[in-house]
Each structure stands twice: as C-alpha cells, then as structure tokens.
Amino acid sequence: MTTRTNTHTTAAGTVGPVCEDCGRRGRAVHTDDGRLTLWDLARGWSTAPYPVGYVHPDGSTGSRFTCPDCNGTRGGHR
Ligand SMILES: [Zn+2]
C-alpha cells in the first residue's frame, strides 16, 4: 500500500501540485508555509481546498489538485 500525496517537494524546497487523477506533477514554486494556493498553480490547474491535516479516503492529506488534462479543455485552451 502506498500513501498518496497531493504535493511534491523538490530538493530546492519548492512545492508543486500532484494531480489527484493521473499523478502528473505541476510547476513547483516557493511557498512560505508549504501550502499551495490557486495563485501558485500553472495555468489550467485547479484546486479543491481542504484544511491542513485533512485525510482523504486514499490516505492523502490537505488540498487536492487537478491538472489541465484531467480538467479537460476548459476555456478552449489546450
Ligand atoms: Zn491529471
């Protein structure tokens, strides 16, 4: 059994989103507290905000993210 995470942290200490559907990793940015907001995400990504420490049924915690591919072609931008 593996534990899913909704974010990944780089060696440089920046944090990026991980798509909850396909596991794709998005652009990593510096954050003050390790939390990503909508403004930290690359174009096309979306987030479903959850409190820090919230545990989802799949074992992941915190806010969840969806990549542009899984969001479809919202707005016609591909
Ligand atoms: Zn995806």
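Since every read-out is calculated from the coordinates, none of them should be taken as a lab result. Everything numeric in this text was worked out from a predicted model, so none of it was measured. Cβ placement follows ideal geometry from the backbone for every residue including glycine, while neighbour counts extend to all protein chains displayed.
Observations on the model:
- Of all residues in the stretch 35-61, those that are exposed (fewer than 12 other Cβ atoms within 10 Å of the Cβ) and on the phi > 0 side of the Ramachandran plot total 2.
- Any chance Arg27 is in contact with a His (Cβ under 8 Å, 6 or more places away or on another chain) and surrounded by 12 or more Cβ atoms within 10 Å (Cβ to Cβ): no
- Positions within the stretch 9-37 being more than 16 Å from the ligand (Cβ to nearest atom) and within 11 Å of Ser63 (Cα to Cα), in sequence order: Arg35, Thr37
- Looking only at the stretch 38-74, residues that are of a type in the set (A, V, I, L, M) and either within 13 Å of the ligand (Cβ to nearest atom) or under 12 Å from the mean Cα position of the chain (by Cα) (or both) come to 4 in all.
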